[in-house]
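The values are calculated or read from the model by the stated rules, or taken from the named source; none is laboratory data. The structure presented is a predicted model; accordingly, all values stated were derived computationally and were not measured. Heads up, the Cβs are rebuilt from the backbone with ideal geometry, glycines too, and the neighbour counts pull from every protein chain shown. Ligands, DNA and RNA are excluded from the accessible area calculation, which covers all protein heavy atoms including side chains. Shrake-Rupley method; radii C 1.70, N 1.55, O 1.52, S 1.80 Å.
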Amino acid sequence: MAPPMSASKFLSTLRDEGLKVVEVGDWRDHNRNSKGPWGPVHGVMIHHTVTKGSAKTVQICRDGYASLPGPLCHGVITKDGRIHLVGYGRANHAGLGDDDVLRAVIAEKGLPADNESNTDGNTHFYGFECENLGDGKDPWPAAQLDAIARAAAAVCRVHGWNQRSVIGHLEWQPGKIDPRGFTMSSMRDRIKERLK
């Protein structure tokens, strides 16, 4: 359990991990805090966007849709390995998920099956959206996979978490499939290596 780090600390943490960071507009103050709390935070959630084209992807994740206002995450990781900061605070990314999964993340234990949607994940997770069509065919470039691992490891390092504090949306909310095209187990292995 931890309060979220400040926006300035988040930015410096990502850069210290060797990431190329792009600041998008008023990202530090762009959030959904009026709809509920952000924090205590317990982990990092990884998503895919179901979009193509970096500029369009970043804009959608910043602005959202009529039915789901942005920001839709904190950072967008594009195929070139850059991370675009689009919001900070509560973001519409995790939605309702399984309280048993949250308990496992907090305890840094293996995850149970996600079979309930009874807990607000937007309160408890940092969120990274990753540019990908999510069809299982769209490639994940090495630079992008490396950036995902670096971003997650950077957040974990600050909070003293291990790789088990990083989950995919598909591990949180029944019916979700993201990220598709790599396994979260393999990503957690990458994060574990970075945290050594």
With +1 on each Lys and Arg Cβ and -1 on each Asp and Glu Cβ, and nothing else charged, work out how big the dipole of the stretch 88-147 is about its Cα centre, in Debye to the nearest 20. 140 debye
If you take the square roots of the eigenvalues of the alpha-carbon gyration tensor of the stretch 95-196 and sort them as a ≥ b ≥ c, do you get rounded (a/c under 1.5), prolate (a/b over b/c) or oblate? oblate
Accessible area of Glu116, 1.4 Å probe, to the nearest 10 Å²? 70 Å²
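Quick one: if the Förster radius is 41 Å, what FRET efficiency do Asp29 and Asp99 give, using the C-beta to C-beta distance and rounding to 0.05?
On the way: r = 30 Å, r/R0 = 0.74.
The computed FRET efficiency comes out at 0.85.
Looking at the square roots a ≥ b ≥ c of the eigenvalues of the Cα gyration tensor of the stretch 76-138, which shape do they give, rounded for a/c under 1.5, prolate if a/b is larger than b/c, or oblate?
Numbers: a/c = 2.14, a/b = 1.55, b/c = 1.38.
Verdict is prolate for the stretch 76-138.
If a/c stays under 1.5 just call it rounded; otherwise compare a/b with b/c (prolate if a/b is bigger, oblate if not). Do that for the stretch 1-45, with a ≥ b ≥ c from the square roots of the Cα gyration tensor eigenvalues. List each step's numbers first, then the result.
Details: a/c = 2.45, a/b = 1.31, b/c = 1.87.
Since a/c reaches 1.5 but b/c is at least a/b, the shape of the stretch 1-45 is classed as oblate.
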About its Cα centre, how strong a charge dipole does the chain have in debye, to the nearest 20, once Lys and Arg get +1 and Asp and Glu get -1 at the Cβ? 460 debye
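Strictly over 23 Å apart at the Cα level, which of Lys79/Lys137; Lys56/Lys137; Lys20/Lys176; Lys79/Lys176; Lys20/Lys109 would you flag in this model? Kindly include the intermediate steps, with their values, before the conclusion.
Details: Lys79/Lys137 14 Å; Lys56/Lys137 20 Å; Lys20/Lys176 29 Å; Lys79/Lys176 21 Å; Lys20/Lys109 31 Å.
Exceeds cut-off: Lys20/Lys176; Lys20/Lys109.
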With bins of 5 Å, the percent of all Cα-Cα pairs of the stretch 156-196 per bin from 0 is 6, 24, 27, 20, 15, 7, 1
State, to one decimal in nm², a quarter of the convex hull surface area for the C-alpha atoms of the stretch 1-90, i.e. the direction-averaged projected area. 6.1 nm²
Averaged per residue, what accessible surface does the stretch 68-196 expose to a 1.4 Å probe, in Å²? 37 Å²
Determine how large the accessible area of Trp140 is when every protein chain is in place; take a 1.4 Å probe and give Å² rounded to the nearest 10. 30 Å²
With charges set only on the Cβ (+1 for Lys and Arg, -1 for Asp and Glu), what does the dipole of the stretch 26-101 come to about its Cα centre, in debye to the nearest 20? 340 debye
Need the list of aspartates and glutamates near Lys196 for cross-linking: C-alpha distance under 15 angstrom, and skip anything on the same chain fewer than eight residues off. Glu17
Accessible area of the stretch 1-130 with a 1.4 Å probe: how many percent of it is carbon plus sulfur? 51 percent
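Grab the DSSP H runs of the chain that are 4 residues or longer, score each as -39,500 (n - 2.57), total them, divide by all residues and round the 222 nm result to the nearest 500 deg cm²/dmol.
Numbers: 6 runs with 63 residues, N = 196.
Mean residue ellipticity at 222 nm (helix-derived): -9500 deg cm²/dmol.
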